[in-house]
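Below is one structure; the comments refer to it alone.
The values are calculated or read from the model by the stated rules, or taken from the named source; none is laboratory data. The structure displayed is predicted, hence computed values, not measured ones. All Cβ positions, glycine included, derive from the backbone under ideal geometry; neighbour counts span all protein chains shown. These area figures cover heavy atoms from the full protein model, side chains too; ligands, DNA and RNA do not enter into them. Shrake-Rupley method; radii C 1.70, N 1.55, O 1.52, S 1.80 Å.
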Amino acid sequence: MRKSSCRRGGTPEDIRMKNEEEASERPDNTAFTQQQLPAWQPVLSAGIIIPGFLIIGLAFLGIGIALFLTSQTIQVLEMDYTGVEKDSPCFRCTSPSNQTCTCEVTFSLSTLFTGPVFFYYGLSNYFQNFRKYGVSKDDYQLTGDTQYFKSPRDVCFPYAHDSKNNPIVPCGAIASSMFNDTFELYQIINGTKKKVPLDGKGISWWTDYNIKYRNPLPVNGSFASAFDGTVKPINWPKAAYELDLTDPNNNGFLNQDFLVWMRRAALPQFRKLYRRITEGDYATGLPAGNYSLTVYYNYPVLSFDGRKKVVFSNVSWMGGKNDFLGIAYLVVGSLCVVMSVVMLIVYAKFKFSDDDDA
C-alpha cells in the first residue's frame with residue numbers, strides 16, 4: 001500500500017491556507033516596515049568633534065555668564081523668626097503655654113527694593129516629600145465629592161476621623177499640617193506705622209485652582225451646609241468653609257493659601273509664596289526706610305528642629321535668584337572648552353607627527 005504524499009505536509013488545501021495565513025501576518029513590503037529607509041550616520045572625526053566641543057563650550061559660557069550676572073541683580077532679604085535665640089523678638093512665642101502669640105520683626109532697607117516684591121515664608125528640616133505624608137489626602141474630597149466627606153479614604157489615617165469618630169474634611173496629614181502663621185507688614189514713617197498692602201490673589205498654580213481642586217456644591221443655598229456632619233482638621237483654627245468669608249472665590253478648597261500648601265515641596269528646605277506687594281504706593285517696590293513685620297505666631301516647628309523664616313525677593317527674566325544655574329552652565333562650558341583644547345593637543349601630537357614622518 002502506497003503512503004500518501006500529503007501525509008507530512010497535509011492536504012493541498014491545508015498547505016494553501018497555511019501559506020495564506022503566513023502571508024497575512026507578514027508586514028507590508030514597504031521601506032518603513034522592512035526597515036530599509038535611507039539613513040545618515042555621521043563620521044566622528046577630529047575635524048568635527050574638536051570644533052563642536054569648542055562651539056558648545058563657548059555657548060554654555062555665554063549663557064552661564066548671562067544667568068550668573070542676572071542672578072546677582074536680584075534682591076533677596078531673608079529673616080529667621082523661629083525664636084530659638086533668647087534675644088529673638090519671637091522667643092517668647094516658642095513656649096507651649098502661649099497659644100496665641102504675636103511678635104514683631106523689624107528691618108531696614110538702604111535702597112529701593114525694586115518691585116514687584118514677592119513675600120515668601122520658608123521652612124527647613126520639613127520633609128514634605130516623605131512618601132506616606134505625600135499620599136495622605138483624599139483626592140475625591142478635594143474635588144468636591146461629598147460622598148467621601150462622611151467616609152474618608154484609608155490613606156488619610158490617622159487624620160481621617162477625630163477622637164469622637166467624626167469624619168475630618170479635608171482629611172490627611174498634608175491638610176492637617178497646613179502652615180497657619182500670618183503676617184502684616186508696616187512701613188515706619190516718622191514713628192507712625194503705614195500698612196503695606198499684601199496681595200494674595202493668584203499665588204497658587206493655575207491648574208490647581210481651575211482644574212485639580214473643586215469646592216462642593218452648596219446645599220440649600222449654603223456652602224457651609226455641604227460640610228454638615230464633618231469636622232475641621234485638628235490643627236485648623238477654623239473650618240474650610242470659613243477660610244475666607246469675604247471672598248467666595250477664595251474659600252474652601254480653592255483658598256489660595258491652602259492650594260499653595262497642598263503643592264508639596266521636593267526638598268526639606270523650601271519656601272512658599274505668601275503674598276505679593278504690587279499695589280498702591282508700593283507698586284514700584286519697597287522704598288528705603290524702616291519696616292516692621294507683625295507675626296501672628298501659630299505654627300510650631302521646634303519639635304522637629306525646624307526653622308521658620310520670611311523672604312522678600314524680586315524676579316527677573318530668569319525667575320528668582322539662582323546662582324547654581326549660572327554656575328552649572330559655566331562649569332559645563334569650561335569643561336567643553338578644556339576638552340576641546342586637550343583633544344586638539346592629543347590630535348596634533350599623534351596625528352600630525354605621523355604625517356611628518358610619512
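Looking only at residues that are under 10 Å from I74 (Cβ atoms) and touching a helix residue (DSSP H, G or I) at 6+ places or on another chain (Cβ under 7 Å) in region 286-323, which one is most open to solvent (accessible area, probe 1.4 Å)? Explain how you work it out, then say what you get.
Taking region 286-323 and keeping what is under 10 Å from I74 (Cβ atoms), we get 313-316, 318-323.
Cutting the leftovers down to touching a helix residue (DSSP H, G or I) at 6+ places or on another chain (Cβ under 7 Å) gives us 316, 318, 321-323.
Numbers: S316: 36, M318: 38, K321: 78, N322: 63, D323: 53 Å².
The qualifying residue most open to solvent (accessible area, probe 1.4 Å) is K321.
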I15 versus (1) modelled with pLDDT of 80 or more; (2) surrounded by 10 or more Cβ atoms within 10 Å (Cβ to Cβ): which is the lone unmet condition?
(1)
Restricting region 227-256 to residues that are part of a helix (DSSP H, G or I) and touching a residue at least 60 places away in the same chain (Cβ under 8 Å), which is surrounded by the fewest Cβ atoms within 10 Å (Cβ to Cβ)?
F227
Selection status of R264, under 28 Å from T114 (Cα atoms), open to solvent by 30 Å² or more (accessible area, probe 1.4 Å), assigned by the TED database to the domain that holds I211 and under 20 Å from the mean Cα position of the chain (by Cα):
no
Quick one: in region 115-170, which of the residues that are among the small types (G, A, S) and touching a helix residue (DSSP H, G or I) at 6+ places or on another chain (Cβ under 8 Å) is modelled with the lowest pLDDT?
G115
Pull out all pairs, ordered by first then second residue, where Cβ-Cβ is under 9 Å, the residues are six or more apart or on different chains, the first lies in region 120-148 and is on the phi > 0 side of the Ramachandran plot, and the second is in a helix (DSSP H, G or I) and surrounded by 13 or more Cβ atoms within 10 Å (Cβ to Cβ).
G144/A226; G144/G252; G144/F253
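Hey, could you check region 38-56 for residues that are surrounded by 10 or more Cβ atoms within 10 Å (Cβ to Cβ) and out of contact with any helix residue (DSSP H, G or I) (no Cβ under 6 Å at 6 or more places or on another chain) and say which is modelled with the highest pLDDT?
In the first step, residues of region 38-56 are kept if they are surrounded by 10 or more Cβ atoms within 10 Å (Cβ to Cβ); the result is 46-56.
Among the residues that remain, those that are also out of contact with any helix residue (DSSP H, G or I) (no Cβ under 6 Å at 6 or more places or on another chain) are: 47-49, 51-52, 55.
On the way: G47: 86, I48: 87, I49: 90, P51: 93, G52: 92, I55: 96.
Looking at residues that are surrounded by 10 or more Cβ atoms within 10 Å (Cβ to Cβ) and out of contact with any helix residue (DSSP H, G or I) (no Cβ under 6 Å at 6 or more places or on another chain), I get I55.
If you scan region 122-160, which residues turn out to be touching a strand residue (DSSP E or B) at 6+ places or on another chain (Cβ under 8 Å) and surrounded by 17 or more Cβ atoms within 10 Å (Cβ to Cβ)? Even if it seems obvious, please write down each step before you answer.
Taking region 122-160 as the starting set, the residues that turn out to be touching a strand residue (DSSP E or B) at 6+ places or on another chain (Cβ under 8 Å) are 122-126, 128, 149-152, 156, 159-160.
Residues satisfying the conditions are G122, L123, S124, Y126, Q128, F149, P152, C156, Y159, A160.
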Of everything in region 78-111 that's β-branched (V, I, T) and not in a strand (DSSP E or B), which residue is most open to solvent (accessible area, probe 1.4 Å)?
T100
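Taking the conditions exactly as written (farther than 19 Å from Y291 by Cα, among the hydroxyl-bearing types (S, T, Y), surrounded by fewer than 17 Cβ atoms within 10 Å (Cβ to Cβ) and in the same structural domain as G202 (by the TED database)), does T114 satisfy them or not? Walk me through it before giving the result.
Values: farther than 19 Å from Y291 by Cα: no; among the hydroxyl-bearing types (S, T, Y): yes; surrounded by fewer than 17 Cβ atoms within 10 Å (Cβ to Cβ): yes; in the same structural domain as G202 (by the TED database): yes.
When the stated conditions are applied, T114 does not pass them.
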Enumeration of residues in region 207-226 that are open to solvent by less than 60 Å² (accessible area, probe 1.4 Å) and either touching a residue at least 40 places away in the same chain (Cβ under 8 Å) or part of a loop (DSSP other than H, G, I, E, B) (or both)
D208, Y209, Y213, N215, P216, F223, A226
